[in-house]
1. Distance between the C-alpha centers of segment 519-582 and segment 190-230? Whole Å please.
2. At 1.4 Å probe size, with every protein chain present, just tell me what the per residue accessible area of segment 332-422 comes to in Å².
3. What is the packing order of peptides 185-196, 451-462, taking the mean over residues of other C-beta atoms within 10 Å and listing the highest first?
4. Mind running the shape call on segment 534-643? Use the C-alpha gyration tensor, a ≥ b ≥ c as the square roots of the eigenvalues: rounded below 1.5 for a/c, prolate if a/b tops b/c, oblate otherwise.
5. Looking at the square roots a ≥ b ≥ c of the eigenvalues of the Cα gyration tensor of segment 332-422, which shape do they give, rounded for a/c under 1.5, prolate if a/b is larger than b/c, or oblate?
6. Hey, can you rank 202-209, 438-445 by average C-beta count inside 10 Å, highest first?
7. So which aspartates and glutamates pass the test for Lys144, namely a Cα distance under 17 Å, with those fewer than 8 places away in the same chain ruled out?
8. I'd like to compare 78-85, 567-574, 232-239: which one has the highest average count of other Cβ atoms within 10 Å, and what's the full order after that?
Amino acid sequence: MKKITKISLAAILGVSMVAPAMAIDTGIKGLTQSGRIKLGASVLYDLPDQGNKAGPANWIIESKTTYRPNRQWSFIGNFWLRGDLSSQFTSYDSPNGGLPDQVNGAIVPGTGAFTQNANFNLNSSNCSGNAYCAEMDDELEVLKDWEDIVRELSVKYRDRKGRFSVKAGRFQRGWGQSDGLRLMDVLHAQDLRQRFAFTDSDELRLPALMVSADFNFRKLGIDGPFKAIGMKNPSLEINFVPEVQTSNFIINNPTPGDETSGGIFGLDWADVNDTTENGPGLVGLGFNLYDNKPNRLSLTDAEWSMRLKFGALGGSATINAFYGQQDLPVSKLLGSTLIIGDGTNNPNAAGAITLPTFDAATTEAIVHGQGGYLDWLRSADNTVKTGAAPTVVSPLAAFGCADPFSGIAGAACSINGEVELDYDYRQLMLGFTFARDLSDFIRIGRKSSAPTVRLEMSHEFDRPFNRSRVNPGATFGPFDGSFAGEVTGSGVLAVEASRNIVKEDITSTMIGFDFPLWVPGWESQAKSIFTSLQLFDIYTHNSDQGLLQQSPYAFTEIQDHQNFVTFAWNAPLDNQRLVLDGLYIRDFQGSGDYYRQRIDFNYFGDSWRPRVEIAHFSGNKESAPIGTFNNSDYVEVSLTYQF
């Protein structure tokens, strides 16, 4: 009944938003109205051991009103209502493993203890115990918060002589020359809930309350110094954003008290192992996550950016500066709690007793110190593998907890590490872009077409990273003593932030070439095929420290140079009624490949727009961003009515 009510609400709101906009001819000078209604349905064709199943069924209702009473003033209201109908008719298992279950796999004599990380299943028929098995969070069925609905509500004033303009309200602006991957497009956090980063950039950016001002130096009469050094028609853009946002994403997380599910594009919890690649699972050790974000609306945490645009060397160039906030977090250990009477990390279990929280240093010592948790885990693993007597007794035995490997009876126990996802780090970036038509130097083909070259470079200072290799050093009571040296794997989460978090610079470069292709021998070709090739190099300084892509969800280490190539093409055929649009991304270090093919059928007038979209992912499971969605391939059919 709840789902039916939500869908009805969406329909009612959609009619109320769109109905007034159906009359395109408003009869009011300067007032225009447009919008669209889109409904899609998809099939997932690469779910492991499940065959083909229905996937996301995203829908959107958009209304955009623009009022320009004169050349100086303009007002824009753009409202979206969107969601996903897929939970009404399908269910599927989480494709990439996810959080290990409470017993963390099997004990296999001769092989080892806790060797199998059990899958977190989204399909209710496969769920057991207190696992969370929802297909998809209610949040995704209808995105109805005001910040999801109001995409733009702005007013803009333009000086009569075109010397400056000021825009205020809630809206978005895009930076940079790159497509497919963002380098300098950092003014806005990203909405990663529906299709992660694999959608159009204007749908990916999160609009914010902001004020933007643009100044034309030539018309202001102050362009002389710039012209003297070869900078033509300079203009300056300044942005002030008091609303600080972080990227939205959903974790497929079944842990008690923090149950969430993002469906096929939710982030699966990483395998929790003693070492990065394998080793026994961390049985009885879980992590509670807490967000620490900058103030949502603040002058002290506000973001500032500016962009100087000018002509140079026969092309257009920009110099960019951004001082804002990180939109993705680092993990920071706060402490831990011991739960006596429950082995599944559930502090609310009947009869469970929760001891007061240990601080971060104490937690690190208990987990990593001599005779601590990891020593016991490895001892238990060796006992199962070889049959040898255990050499370490569980450190929890002193609290009345059982240790079956040492023959000690007692209560079932577990430890919850308290981990903060900390977004409250400043982001400082400088950048440069350049684009130029090369027709003065080269012309190719029967139409004498010229390529366009695009260049984008950025340097980010002091980006925070979690490490996958640390050297614990905290001590506590009976766990004082020598440590095992360098530690890898999920245990690095249980280390104080001073040893686990480092700041390093990132230098990124993109060079791209766009070319209108006229196919040789195809004399009847009416429109050129747009093609775009881009080469990326992302250099992370001092990456040999074992910097993680994204803790705690992607435990793959960052290489010093990350290289990507993208190729996009767009071919309008049959008098532009059939449009083929493709995008390929190759991640060389992560061995990842992504291809998206869109086919638009524009045969049904100006309003109806059917589309077929196919997306294929291939890569290593925890190599973000492509490999994370290795099993999220889909074929989608959608229909859009636009007006």
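1. 22
2. Details: 3530 Å² over 91 residues.
In whole numbers, segment 332-422 has 39 Å² accessible per residue.
3. Details: 185-196: 21.8, 451-462: 18.6.
Packing proxy ranking, top to bottom: 185-196, 451-462.
4. Working: a/c = 3.48, a/b = 2.42, b/c = 1.44.
Because a/c hits 1.5 or more and a/b exceeds b/c, segment 534-643 counts as prolate.
5. On the way: a/c = 2.28, a/b = 1.36, b/c = 1.67.
Oblate shape, in that a/c is at least 1.5 and b/c is the bigger or equal ratio.
6. Numbers: 202-209: 18.9, 438-445: 12.4.
So the peptides 202-209, 438-445, ranked by packing, come out 202-209, 438-445.
7. Glu62, Asp84, Glu152, Asp191, Glu203
8. Details: 78-85: 21.4, 567-574: 15.9, 232-239: 17.9.
Ranked from most to least packed, the peptides come out as 78-85, 232-239, 567-574.
The values are calculated or read from the model by the stated rules, or taken from the named source; none is laboratory data. Being a predicted model, the structure only gives us computed values, none of them experimental. Cβ coordinates were reconstructed from backbone atoms using ideal geometry, including for glycine residues, and neighbour counts include every protein chain displayed. In case anyone asks, the SASA skips ligands and DNA or RNA and just uses the protein heavy atoms, side chains included. Shrake-Rupley method; radii C 1.70, N 1.55, O 1.52, S 1.80 Å.
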